[in-house]
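Data first, discussion second: the structure below is written as structure tokens.
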Amino acid sequence: MPVGFVFHPIYLEHDTGDHPEGAHRLVAVLQHLKSTGVWDRLVPVTAEPASVEDLRRVHTASLIESIRGLAEGGGGTVDGDTVVSPRSYEAALYAAGGTIAAADAVLAGRVSSAYALVRPPGHHATPARAMGFCLFNNTAVAARWVLDVAGLSRVAIVDIDVHHGNGTADIFAREPRVLYVSLHQYPLFPGTGDWRDTGSGPGTGTTLNIALPPHTGDRGYRQAFERLVVPAVRRFAPELVIVSIGYDAHWADPLAWMLLSLTGYRAMMDDLVSLAAAQCQGRVVVTLEGGYDTTVLSHGVAGTLASMMGEESDDPLGPAQEPETDVNALIDAIAHLHRLR
């Protein structure tokens, strides 16, 4: 069955000016997919705007109204990192709604899996606060829709962005129906995601923070996946896997220092595709978060789609040329905490 793809031109109208998270990111990806013929093998999935009801399952009314009001007032800044332009509210509705549309297409069986190429990104947006380039939490809005509207019982969210998805973690900290796994550089913005944080209340144990040191590299990520991510997702037995993917852990990205390669990204996605095939009829939804080198981003998206389609992909940039940090002791400690030995 073919792979679905969500894109809407409104995503380019979220105008951030001279900012790392700009429309040029998606333009570069689309140009690459079209020039290589990948675009022609994808099934378009139509994005619709998320409703206020969809957002209210995750966010406070005051946050929603503040973003709408700021956009309608001509735009401005939420904080030093987070920009709102006149069309940002509409773009954010379509970003969250596009991620819902991807999930709906997969659950309805119209496609085997789906990639939502959306912006603004979402995983830093908390219930009451927009931050870190993010306005509304696209992944969380879609996951809550899957649980409360589509009627699924268990969803696994795997966040591979270099920054901890503090918003997603906050939203689902007490939710036993959601396994939230985050692989991120630590310490780094936003300063959350300590490996000892496992959730709270009824959700204790369903947050798996894999807080990796700088220069972890392909080897360390491979160990983390083999010893932590794969067994944790397998044990949870999700009915859908949602991947919040940022390509900013790559060694060429300007905002972090993790030394991951495109080959390393492909290996992680292959694991997730295999897990989904074994546990939930191959149902995977991918939504874009970060990634600020356009060559990395373009080839990274293409590699992720190739994994979803069962095709080969290339790594024109190759591996990092710096020594990697040994993370064995850290992975031992996390495995012990979550009883994954």
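Quick notes on this structure:
- Within the range 112-119, at least one residue is crowded, with 22+ Cβ neighbours inside 10 Å and over 16 Å from the mean Cα position of the chain (by Cα).
- Taking helices (runs of 4 or more DSSP H) as the structural unit, no element lying wholly within the range 1-102 holds at least 3 residues that are surrounded by 18 or more Cβ atoms within 10 Å (Cβ to Cβ) and modelled with pLDDT under 95.
- Counted residues, the range 129-163 - those being of a type in the set (Phe, Trp, Tyr) and under 19 Å from SER88 (Cα atoms): 2
- If the condition is being hydroxyl-bearing (Ser, Thr, Tyr) and either in contact (Cβ under 8 Å) with a residue 40 or more places away in the chain or part of a helix (DSSP H, G or I) (or both), then the range 141-181 contributes SER153, THR168.
- Being under 17 Å from VAL162 (Cα atoms), within 18 Å of the chain's Cα centre (by Cα), modelled with pLDDT under 95 and not β-branched (Val, Ile, Thr) is a description that applies to ALA256.
- Filtered residue count, the range 172-218, keeping only those that are aromatic (Phe, Trp, Tyr) and either in contact with a His (Cβ under 8 Å, 6 or more places away or on another chain) or at positive phi (or both): 2
- Flag if GLY76 is farther than 19 Å from VAL285 by Cα, within 21 Å of the chain's Cα centre (by Cα) and free of Cβ contacts under 8 Å to residues at least 60 places away in the same chain: no
- Residue among VAL301, VAL285, VAL296 that is buried (at least 23 other Cβ atoms within 10 Å of the Cβ) and either under 22 Å from THR206 (Cα atoms) or among the small types (Gly, Ala, Ser) (or both): VAL285
- ALA256 being surrounded by fewer than 24 Cβ atoms within 10 Å (Cβ to Cβ) and assigned to a helix (DSSP H, G or I): no
- Here the condition is being farther than 22 Å from GLY167 by Cα and of a type in the set (Gly, Ala, Ser); of SER261, SER200, SER244, it holds for SER261 alone.
Rundown of residues vs (1) touching a residue at least 60 places away in the same chain (Cβ under 8 Å); (2) out of contact with any Phe, Trp or Tyr (no Cβ under 9 Å at 6 or more places or on another chain); (3) surrounded by fewer than 20 Cβ atoms within 10 Å (Cβ to Cβ), yes/no style:
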{"site": "ARG222", "(1), (2), (3)": "no, yes, yes"}
{"site": "TRP251", "(1), (2), (3)": "yes, no, no"}
{"site": "MET269", "(1), (2), (3)": "no, yes, no"}
{"site": "LEU305", "(1), (2), (3)": "yes, no, no"}
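The values are calculated or read from the model by the stated rules, or taken from the named source; none is laboratory data. Quick caveat, the model's predicted, so the values are computed rather than measured. Using ideal geometry, Cβ is built from the backbone for each residue, glycine included, and neighbour counts are taken over all protein chains shown.
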